[in-house]
Every structure is written in structure tokens, then in C-alpha cells.
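Working notes for the structure below.
The values are calculated or read from the model by the stated rules, or taken from the named source; none is laboratory data. Remember, it's a predicted structure, so these values are computed and weren't measured experimentally. Positions of Cβ are generated from backbone atoms using ideal geometry, with glycine treated the same way; all protein chains shown enter the neighbour counts.
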Amino acid sequence: MTNVADAPPVQGQMQPPPRLSLSGLIAQTEVDLRLFGMLVALAVILLVFDIISGGQMISPTNMVTLSVQATGIAIIATGMVLVIVSRNIDLSVGSLVGFVAMSYALLMTDWFPNILHLPPDFPLTWAIAVGIGIGIGAGFGAVQGFIIAYVGVPSFIVTLGGLLTIRGLVWYLSQGAAVSGLDPTFQLIGGGAAGSMGATLTWGVGVVGCLAIVWFLFTARRQRRRFAFPVRPMWAEAVIGLVGCLAILGLAAFANANYWPKGLADQYAAANGIAVPAGGLQISTGFPYPIMILIGVTLVMSWIAKRRRFGRYVYAYGGNPDAALLGGINTRWTIMKTYIVMGILCAIAAAIAAARLNGSTLDVGQSYELYVIAAAVVGGTSFAGGTGSIAGAVVGAFVMQSIAYGLSFNGVNSPGQNVVAGIVLILAVGFDAWNRRRSRS
Amino acid sequence: MDGTPLVELQHINVAFGGVHAVQNVTVDLRPGEVVGLVGGNGAGKTTLIRCLSGAHPADSGQILIDGKPVSIANPRDAKALGIETIYQTLALAENIDASANVFLGRELTSRFGDLDDAAMESATRQVMGRLNPNFKNFKTAVVSLSGGQRQAIAIGRAVHFNARILIMDEPTAALGPAETAQVRDLIKQLKSEGIGIFLISHDIHDVFDLADRISVMLHGRLVGTVNKADVTTDEVLAMIIMGKMPQEVTQHDLAELHG
Ligand SMILES: Nc1ncnc2c1ncn2[C@@H]1O[C@H](COP(=O)(O)OP(=O)(O)OP(=O)(O)O)[C@@H](O)[C@H]1O
Ligand SMILES: [Mg+2]
């Protein structure tokens, strides 16, 4: 077993941090302390609201609901990270979610049956709808991105215009009407009892997640060994792997402790001829599909941000636009792509929103921009450009949603929640500005 | 001197609004040659070489590489022609680490197009070992490095890609004596490998030590180009300050220089 301390010295090798202090031990694990701190903050927020509610709030059912509510914000926030990191902003996300959600509703209730004359049992209707929605989102993103990157209109103005224009277009799409009655398979995207994976698959996901962590740690270590770079001490790898696996399996167990509502379970029992035991039939929901979508989006976006050229260019541009340009990077195309990615993510979030509502109204996605920007900034994305992490933004989204959920659980109405969310946004940006000023002087 | 020059910049003009930063300047560079480009602040040195590095196209004029006219519209074109540049501003993205900067725009990737950070770090360790063996901060963002370390990264980036033509705009401005000596050795070595180098420096002794020829600019115009062997530092100073060629300089002028 070789670790930093006893490996033969590599030229240019970093000195290991002191071993015997707690901070030294933590430093050796190379854990992202900021992310860790945010997770702790999230736990504290949940606990405080739980205490205020007299221990009523933290339960598997409530936490699954909260998580599903956070998915839309979290998914879009991963894209907002790239946008803010490259020194731009996107205020149009809420309107775009509304537009695409309305498009899904109209596609499935009107355009497919009445214009394309697709029969109701046409296969993969939901997938076709999602594909079209993603195309619409990418299209709007491309137009806004083009105006920002190639025409040179500031992103604040373009997307502020987008916020108004696209929201207005939602009205024209449906002539002001709310639309409901979506494809049953599409509705599963929104979660709920039916839209969850059930106990077995949830455990399966947990196990796959554990294997993925181990594989990831192993390949990262092998990669560094290939060049004889310093590696983490073996105990640190083990601790990270163990904590990661326990967290994943714990979440799986927690989600599996959430059961179908009694009415649905009884219906299911009747339909399948199962005798209902005393105390009701307990069917685990496990992870809802929207959570799985969020996990997938987070992984893909992290991979794009860290392991792909595009992500590297976004960060480099944010750090120094001039340097990116002189490095030969096509900076305009890079910026335009961030908005295309945003559009795609909005379309995914819109699918979850429409599926949850089983339709769409004129104000789906309203004030998403505020929550999404707050999520990104709370998660460590800086308006100075160049810094921000995908995982941080997802945690930030959970922080924002936990505050909203906790307030509402304790009887604060939605205007009151908006007041708090707005203040949190200003505090988070203010903290970022203060932090930057402090580190500069 | 015979053979086709490696680079010819002919009748280059660049204006920013009403400011004629470069006016009708013609210079050239041969393989294995160091041409010192000197002049006071704002003389137009940086603006001139930015035309060659693709950072800012000239308003008019012609660039020839190996005697053939080329068009350099952006930094990618320049790099494709084997032109590497160390910018006076260093042009580093401060939020990413040394190897990400060295390979910025030319990242090494795996078969599937994923960034191969380990390979890039390895190559960066090699080139930095040549420039600044004490450099160890391969995982830290450039923002927390010293000015000299940053400069070493900027130099490393230019050297790593086997340039044929190297532009160095104040490459040692932030370096300590040991590192400066290392860069001098590097320049001599690169020169012996047949690379042509434009060296911009305010240090007249540096220029005299390293350059074969010296081109002097004043107020956007070329005062002239001289062989180092044919002139004294005083004569070059007179070119820089008064814009007078050695044969035009009087005893009185020289006295004034030292006055
Ligand atoms: N981007 C720009 N926009 C406007 N004016 C510029 C720009 N870049 C340079 N200039 C002007 O062009 C002139 C030449 O500047 P340049 O940077 O080429 O000088 P230099 O010889 O490199 O000076 P130094 O030794 O200080 O680096 C100056 O008057 C400067 O103000
Ligand atoms: Mg200059």
C-alpha cells in the first residue's frame, strides 16, 4: 500500500498536509469542504423547521415530496451554473418552462390526436412529446444565445425580454386556457406513487450507485498512479467510499420507507386480488422518477463541466474572457451553447412540472428564475464568473426548496415564501460579493 | 544574410479610433534568430506583434511566413502556423490550474473526447521542470500563484507546443534573477534549435545579450533595425528616445542622453 507519505518522492510533488490534526485529516481526503458545509446547512434548515413543526415535518413522505418539488429548480440550476460562470444570466427560464409545459399539454391533448390524427394508443407518445419539447427548449435557447453571443446584446436584457415575450407566447399557445389530460405514461415523469420505482429497483439503484462510487475512486486513483502523481492515502479513499455508499443506501432505505397512500394501495390490492392485511397494504414507493431524472442530469452536467472541453471553456471564459479568446477558443459558440443547454434543461424541468399537474396552466414556471439563480448562488456560483459547481447548485436548490417547504409546512403562505426567497437570494449574492472583496484585500 | 525569412511583417498599420498605434511598420525574422523589439511605453510593440499572433488583425499590411503571404484572422490561425505567443498580460485564466492553462484551447483528450487531465498534468510537470523546477502547485488555481510562477506557466505554454516562431512580450518582467537566467538559457537553446524569436523587452542589457538584431519603434513607427554587433547600447537608447539612427546621432545628443 502506497500513499502520499511513503511513496518515493515524485518531482514536484505536493507535501502532504499535517496528519495529526482534524483539519489535516480532512484535507487529506480532498473532500470539497464547501459542498460538505452546504449539506450540513441543509440538514440544519430541515431540523429547525422540523422542530418548529413539533417534529412533524421530517418523514419519508414529506421528504420525498420536498425532493420532487425541488427537482425542477435543481435541474435548471445545473445549467444556470454554466451561464453564470461564463459571466451571463438567464432570466427567461421560468417563462420557457411555462412555454414548453404548455406545449407538452397541447401536443398530447390536441395536436397529436386532432392535427396528426395519432390514435390514443400510438406508441411512445410521451417520448415523442418530450423530444419535441427538448427541441423547442433548445430552439429558444439557441435564439437567445445567438443574440447574446454573436449580436452582443447583454444577456440581462435579452433574457429579460425573453421572460416577457415567452410568457406572453404561452397565452397565445393556449388562448389563455389551462389544459389538462396528459398521456398516462408521460404522467409518470412527475413522480407520485405510480411514478416511482418501487422497492426492488430502488435497492438496485442504490447498489449500482455504490459500485459506481468504488469504480470512480478506483479509476481516478489508477489514472494518477499511471503518471506517478501523489494519491490520497488509502484510508481516505476507504472513508470516502464508505460514506458515499452508506449515504446512497441510506437514501434508498429512506425512500423505501415511503409507502403508497392507503386509497391507492387498496385499489391496487383489489385490482390484483391481494388480500389487504390488517393496518393496510404497505407498498414502498422508493425513488420517484423525477429524482432519477435529476440524478441523471446532475451526473451528465458534472461530466460536461469537469470532463469535457465545452465545460473547460465555459470556466476558462469566466475566469478570463481574453485568455479564452487568445487560447483559440471559439468563445461565441461556447456562450451560445450554454443557452442551448439551458433550453434543454428547461424542457426537462417542464416535463416534470406538466406531468405533476397532468396538464399546464398559464403560470407554470412562474418565478423559477429567482429560485434557480438563488440555488446556483447559494451553491457557490459567483457572479464574478469562473467559479461554481454543479453539485453545489443542486444542494442549493434543495436549500431553497427546503426553506419554501418548511415555511409552507408551518403555515406561511406563498407570498410570504416569496418574501423569504427574495431575501435569501439577496443575502447569498451579498455574501458572494463580500467574500470576494475580502479575499482581494 | 541569405535565405527566405521565416516571418515578414510588411507595412503593417493598426489604428484604434484616432490613435495610430502602428504605422507602416516592416520587420522580419529568420530561423534561429532573435530579433529584439524595443521602444518606450506605448510605442506600439505589443500592438504590432498581436497582428502576428492573431489577437488583433492589422488594418492593412501583409504577413509572410516562409515567403508566402498568409492570413491570420485569429489565434487559432497563428497557432496552426507554428506561432506561439507569451503575452505581456500573460493571458491566463486565473480560476483554473496550471495544466488547464497550458493546454487551454488544445486539451488532450481520451478516445471518447474526455479531458485527459492526468496526461496534461504530466506534460505540464515536464515543461515546468525545465523552467522553474521549484514549481509544485499543479493542482491550485493560477489566482493563488505568484507573478513569477504565472509567467513561468505562460512561457511553458508557448514552449510546450514546439513553436517555429515564438513571440515573447516582456517574458521576464515578473521573474526573479534565477528564473530570468533560466529563461535566457531557454531562449538560447530554442534559438539553437532553429526557432525564430521576437523578443520584446525594456531591459536593454537583456536585449543586447540575446538578440541578433534590434528593431526600434517610436510613436507607432519603426525607427530602424540594426545588427547588434554594429551598435552600442547608447546608440540604441538614442534610437528609442530620440528616434535617431546611429549615423544621425551627434556627440551633443549622446551627452543629453546621459544628462
Ligand atoms: N485595445 C486598444 N484600444 C485602444 N488603444 C490601444 C489599444 N491597445 C493599444 N492601444 C494604444 O496603442 C498604442 C500602442 O500600445 P502598445 O500596447 O502596442 O504599446 P507597447 O509598445 O507595447 O507599450 P508597453 O511597453 O507599455 O507595453 C498606445 O497609445 C495605446 O494606448
Ligand atoms: Mg506592450
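Listed by position, the strands (runs of 3 or more DSSP E) inside the stretch B:147-238 whose residues that are under 29 Å from B:Asp253 (Cα atoms), modelled with pLDDT of 95 or more and among the hydroxyl-bearing types (Ser, Thr, Tyr) number at least 2 form an empty set. Restricting attention to the stretch A:143-157, the residues being farther than 17 Å from A:Ile76 by Cβ and in contact (Cβ under 8 Å) with a residue 40 or more places away in the chain number 5.
Just checking, which of A:Leu249, A:Leu299 is in the same structural domain as A:Phe216 (by TED's automatic domain parsing), in a helix (DSSP H, G or I) and out of contact with any Pro (no Cβ under 7 Å at 6 or more places or on another chain)?
Numbers: A:Leu299 fails: in the same structural domain as A:Phe216 (by TED's automatic domain parsing).
Criteria check complete, one pass: A:Leu249.
Looking across the stretch B:156-172 at every residue that is under 17 Å from B:Met120 (Cβ atoms) and crowded, with 18+ Cβ neighbours inside 10 Å, the one that is nearest to ligand 1 (Cβ to nearest atom) is identified as B:Ala158.
Within the group B:Arg130, B:Arg164, B:Arg106, which residue is more than 16 Å from ligand 2 (Cβ to nearest atom), under 21 Å from the mean Cα position of the chain (by Cα), within 11 Å of chain A (Cβ to nearest Cβ) and not polar (S, T, N, Q)? Let's see the steps before the verdict.
Values: B:Arg130 fails: within 11 Å of chain A (Cβ to nearest Cβ); B:Arg164 fails: within 11 Å of chain A (Cβ to nearest Cβ).
Testing whether each residue is more than 16 Å from ligand 2 (Cβ to nearest atom), under 21 Å from the mean Cα position of the chain (by Cα), within 11 Å of chain A (Cβ to nearest Cβ) and not polar (S, T, N, Q) leaves just B:Arg106.
Pairing residues of the stretch A:301-315 that are without any contact (Cβ under 8 Å) to a residue 24 or more places away in the chain and within 7 Å of another protein chain (Cβ to nearest Cβ) with residues that are in a helix (DSSP H, G or I) and of a type outside the set (A, V, I, L, M, F, W, C), at Cβ distances under 9 Å and at least 6 apart in sequence or on separate chains, gives A:Arg307/B:Asp117; A:Arg312/A:Lys306. Take the conditions (1) within 13 Å of another protein chain (Cβ to nearest Cβ); (2) within 23 Å of B:Asp212 (Cβ to Cβ); B:Glu193 misses just one of them, which is (1). Restricting attention to the stretch A:208-223, the residues that are touching a helix residue (DSSP H, G or I) at 6+ places or on another chain (Cβ under 6 Å) and at pLDDT below 90 add up to 1.
Set side by side, the residues A:Ala238, A:Ala257 differ, and just one is at pLDDT 90 or above, under 20 Å from A:Gly204 (Cβ atoms) and among the aliphatic types (A, V, I, L, M), which is A:Ala257. Here's a check for you: in the stretch B:20-73, which residue that is within 14 Å of chain A (Cβ to nearest Cβ) and away from ligand 2 (no atom under 14 Å from the Cβ) is farthest from A:Gly328 (Cα to Cα)? The extreme case among them is B:Pro57. I'd like to know if the stretch A:317-337 contains one or more residues that are away from chain B (no Cβ under 14 Å), touching a Phe, Trp or Tyr at 6+ places or on another chain (Cβ under 8 Å) and not β-branched (Val, Ile, Thr). Yes, the stretch A:317-337 contains a residue that is away from chain B (no Cβ under 14 Å), touching a Phe, Trp or Tyr at 6+ places or on another chain (Cβ under 8 Å) and not β-branched (Val, Ile, Thr).
With respect to the conditions (1) away from ligand 1 (no atom under 16 Å from the Cβ); (2) out of contact with any helix residue (DSSP H, G or I) (no Cβ under 8 Å at 6 or more places or on another chain), B:Lys244 lacks only one, and its number is (2). Restricted to the stretch B:41-55, and to residues there that are hydrophobic (A, V, I, L, M, F, W, C) and within 8 Å of ligand 1 (Cβ to nearest atom), the residue that is nearest to A:Leu325 (Cα to Cα) is B:Leu48.
Being in a helix (DSSP H, G or I), touching a strand residue (DSSP E or B) at 6+ places or on another chain (Cβ under 7 Å) and of a type outside the set (A, V, I, L, M, F, W, C) is a property that holds for A:Thr109. Of all residues in the stretch B:175-192, one or more are under 23 Å from B:Thr232 (Cα atoms) and small (Gly, Ala, Ser).
Yes/no per residue for (1) surrounded by 17 or more Cβ atoms within 10 Å (Cβ to Cβ); (2) within 16 Å of ligand 1 (Cβ to nearest atom):
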| position | (1), (2) |
| --- | --- |
| B:Glu33 | yes, no |
| B:Gly39 | yes, yes |
| B:Pro57 | no, yes |
| B:Pro69 | no, no |
| B:Ile86 | yes, yes |
| B:Ala98 | yes, no |
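For the stretch A:278-289, does any single residue satisfy the condition of being farther than 30 Å from A:Asp32 by Cα and β-branched (Val, Ile, Thr)? Working first, answer last.
First pass over the stretch A:278-289, keeping only residues farther than 30 Å from A:Asp32 by Cα: A:278-285.
If we keep only those that are β-branched (Val, Ile, Thr) as well, we get A:283, A:285.
The answer is yes, given that some residue of the stretch A:278-289 is farther than 30 Å from A:Asp32 by Cα and β-branched (Val, Ile, Thr).
Tell me, please, whether a residue that is within 16 Å of ligand 1 (Cβ to nearest atom), of a type in the set (A, V, I, L, M, F, W, C) and under 22 Å from B:Ser215 (Cα atoms) can be found in the stretch B:173-182. Can you show your working first?
First, pick out the residues of the stretch B:173-182 that are within 16 Å of ligand 1 (Cβ to nearest atom): B:173-174.
Of the ones still in play, those that are also of a type in the set (A, V, I, L, M, F, W, C) are B:173-174.
Then drop every residue that is not under 22 Å from B:Ser215 (Cα atoms), which leaves B:173.
Yes.
The set of residues in the stretch B:7-24 that are within 11 Å of ligand 1 (Cβ to nearest atom) and of a type outside the set (S, T, N, Q) comprises B:Val14, B:Ala15, B:Phe16, B:Gly17, B:Gly18, B:Val19, B:His20, B:Ala21, B:Val22.
Restricting attention to the stretch A:321-365, the residues being farther than 16 Å from A:Gly135 by Cβ, surrounded by 20 or more Cβ atoms within 10 Å (Cβ to Cβ) and small (Gly, Ala, Ser) number 8.
For the stretch B:112-125, the criterion of being in contact (Cβ under 8 Å) with a residue 40 or more places away in the chain and either within 16 Å of ligand 1 (Cβ to nearest atom) or more than 8 Å from chain A (Cβ to nearest Cβ) (or both) is met by none of the residues.
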